[in-house]
Amino acid sequence: MLRCLTLTADSDTDKLRNIRNNSQWLDAIEIRLDLCLQRNKGFITSLVDTACEASLSVVILSFRREEDGGKKTELSEAERLNLLEQLLCPGITHVDIERGVTAPGVEARADELGIEVIRSLHDFQGVPASMTELIEEIAAVGEIPKIACYPSSSQDVLELIRIARETFRIKNKIVLGMGAFGFFSRVAPQLCGSMLTFCSAGERSGAPGQTSPRELEEVYRVSQQNSHTVYFGIIGNPVLHSKSPQLHNPWFAEGRMNAIYVPFQVDDVGLFMRLAEQLGIRGFSVTVPHKQKIIQQVDRVEEAVQSIGSCNTVIRTSEGWVGSNTDYQGFLAPLKRTDILSVGNHVLVIGAGGVARTVVYALVQAGLVVTIVNRTDEKAAGLAAEFGVNWKPMQSQLSAGKFELIVQTTSAGMEPNTEIDPLPGYKFKGSEIVYELIYAPEQTRFLSRAGDAGCRIIGGREMLHAQALLQFEQFSSAYNPEAE
Ligand code: NAP
């Protein structure tokens, strides 16, 4: 699997520097003439030489048109193609020519130098129809098809995978999805049967969804993915902010498992289940907003999922798809290291959203006396009634000292609103344990106020880590490459 750096840096000096600084994670570079300030032989040769010194095996030259996502240039179409032809030189291994462009001069020069032609199609509106035929047509004349499309729904992703499967026997091709829905295809190119994936370094991305060479390799081990790789993942909408790939992928690597954990942006869990079957996915984490809806899609759920009404983990077993909830045990894990989980202790839960359900269930199971407050009183009342616990209106006076534990489950305090406090008037006594579930940022205003008052504090990363470890145990049991 080739990892190709698109040279997007604003300055030409930085383009050279980016090749050198990232070469350990790369196999290829793409020189985009539309992004080069110096479009001359001297500069192109210096890029080719730098790639050669870094032992990169592939150098692609392209001059992307504006309509294909390229930077606007002052050149006419004839001048663009003429420059592309003139700048082909030894050391360049591939030239990218857009589908529908007639460029006999470029093709003849490429032929003379033994340079392969990549025939590309960029569609920023969706997944184009008839891609299978197009890929077959391009491959039939000995060129490498490259299709970069823009899926914007789970339906589009299914379509992309259908095309990838239909053209599976064509090994020399590049099929990728841009944007959040297509991100999985960049970090798991194997899933689309792609020979190569693009990445970019620095501020500017070569195309929507491109990640850095370091992340491609250190998190997703792209160079090691192959036809035996077992895929796991996380579904959510949005999902790309999730830190779970940074936890699970190193654990798979440490366990010497040929398994990769990939974020999937999903807007329809039913369609994702079809995709999971087609891609042979063995298990996945579930995040907002799918923790409830996924329950209808699996074959069986564990008891805690029924009681909480929330499922964050799904694995494939011999009995079909099984759903469980590791948030519940993960939430309790740091509390088990304290003496707070004693029957009769009073706990204040701030929030009545998805994770609050899990928290209230866990605390009730442990025998604590729970009181809920929430920005929207009715939701606090509803959750309290469901679990048979107390609730208080947001505006009521909460007596400091009554609660031995305070659990902050709202999203108030997440970036970028770092100054927001979900319970601004509350005066900490200093002897309580304050547990903040937000993990990014690690320090919220609420947590620092509690810390200043002398409270013992627990940050959201502890739960995140504990629930992920429990998921990883399940993923490890579902990992069985010999069954493929
Ligand atoms: P959710 O279902 O959307 O619930 C959001 C909750 O936050 C609701 O109670 C909502 O109140 C409240 N809220 C939102 N904005 C607020 C504001 N400006 N002021 C006061 N309250 C506000 O979300 P969720 O799934 O429960 O997740 C909540 C947080 O927990 C997120 O930050 C998430 O990252 C974190 N979390 C952490 C872990 C972990 O492992 N550490 C696991 C899961 C979740 P209303 O009812 O009034 O809208």
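The values are calculated or read from the model by the stated rules, or taken from the named source; none is laboratory data. Worth saying up front: this structure is predicted, and the values here are computed from it rather than measured. Note: ideal-geometry Cβ built from the backbone for every residue, glycine included; neighbour counts use all protein chains shown.
Leu423 is checked against (1) on the phi > 0 side of the Ramachandran plot; (2) within 16 Å of the ligand (Cβ to nearest atom); (3) not basic (Lys, Arg) and fails just one. What number does that condition carry?
(1)
Filter the stretch 413-436 for residues that are among the aliphatic types (A, V, I, L, M) and in contact with a Phe, Trp or Tyr (Cβ under 8 Å, 6 or more places away or on another chain) and give the result.
Once the filter is applied, which keeps residues that are among the aliphatic types (A, V, I, L, M) and in contact with a Phe, Trp or Tyr (Cβ under 8 Å, 6 or more places away or on another chain), the stretch 413-436 yields Leu423, Val434.
Yes/no per residue for (1) surrounded by 21 or more Cβ atoms within 10 Å (Cβ to Cβ); (2) closer than 25 Å to Gln24 by Cα; (3) under 25 Å from the mean Cα position of the chain (by Cα):
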| residue | (1), (2), (3) |
| --- | --- |
| Glu107 | no, no, no |
| Ala110 | yes, no, no |
| Arg119 | yes, no, no |
| Ser154 | yes, no, yes |
| Phe183 | yes, yes, yes |
| Gly193 | yes, yes, yes |
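Which residue, of Leu271, Leu275, Leu240, is buried (at least 18 other Cβ atoms within 10 Å of the Cβ) and either more than 26 Å from Ser476 (Cβ to Cβ) or in contact with a strand residue (DSSP E or B) (Cβ under 9 Å, 6 or more places away or on another chain) (or both)?
Within the list Leu271, Leu275, Leu240, the selection yields Leu275.
Would you mention how many residues in the stretch 316-367 are within 12 Å of the ligand (Cβ to nearest atom) and basic (Lys, Arg)?
Qualifying residue count for the region: 1.
Please work out which residue is nearest to the ligand (Cβ to nearest atom), limiting yourself to the stretch 439-471 and to residues that are modelled with pLDDT under 95 and part of a loop (DSSP other than H, G, I, E, B).
Ranking the candidates gives Tyr439 first.
Check the stretch 338-359 and report whether any residue there is charged (D, E, K, R), farther than 25 Å from Ser244 by Cα and out of contact with any helix residue (DSSP H, G or I) (no Cβ under 7 Å at 6 or more places or on another chain).
So the first thing to find is which residues in the stretch 338-359 are charged (D, E, K, R), and the list is 339, 357.
From what's left, farther than 25 Å from Ser244 by Cα: 339.
Filter once more, keeping what is out of contact with any helix residue (DSSP H, G or I) (no Cβ under 7 Å at 6 or more places or on another chain): 339.
Scanning the stretch 338-359, I find at least one residue that is charged (D, E, K, R), farther than 25 Å from Ser244 by Cα and out of contact with any helix residue (DSSP H, G or I) (no Cβ under 7 Å at 6 or more places or on another chain), so the answer is yes.
Suppose we keep only residues that are among the hydrophobic types (A, V, I, L, M, F, W, C) and touching a residue at least 60 places away in the same chain (Cβ under 8 Å) within the stretch 297-331. Which one would you say is nearest to His465 (Cα to Cα)?
Phe331
Please verify whether the stretch 427-435 includes one or more residues that are within 10 Å of the ligand (Cβ to nearest atom) and of a type in the set (Gly, Ala, Ser).
no
Report every pair of residues separated by at least 6 positions or lying on different chains whose Cβ atoms are under 8 Å apart, first residue within the stretch 338-356 and closer than 17 Å to Ile308 by Cα, second within 14 Å of the ligand (Cβ to nearest atom) and of a type in the set (Asp, Glu).
Taking only residues 6 or more apart or on different chains, the pairs are Val355/Asp327.
Identify the residue in the stretch 270-306 that is more than 16 Å from the ligand (Cβ to nearest atom) and among the β-branched types (Val, Ile, Thr) and, among all such residues, is nearest to Ala356 (Cα to Cα).
Val301
Taking the condition of being in contact (Cβ under 8 Å) with a residue 24 or more places away in the chain and within 11 Å of the ligand (Cβ to nearest atom), how many residues in the stretch 373-418 meet it?
17
This table checks each residue for (1) touching a Gly at 6+ places or on another chain (Cβ under 7 Å); (2) in a helix (DSSP H, G or I); (3) free of Cβ contacts under 8 Å to residues at least 12 places away in the same chain.
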residue	(1), (2), (3)
Ser227	no, no, no
His248	no, yes, no
Ala253	no, yes, no
Phe264	yes, no, no
Ile281	yes, no, no
Ser285	no, no, no
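So, Thr132, is that one within 22 Å of His94 (Cα to Cα), surrounded by fewer than 24 Cβ atoms within 10 Å (Cβ to Cβ) and among the polar types (S, T, N, Q) or not?
no
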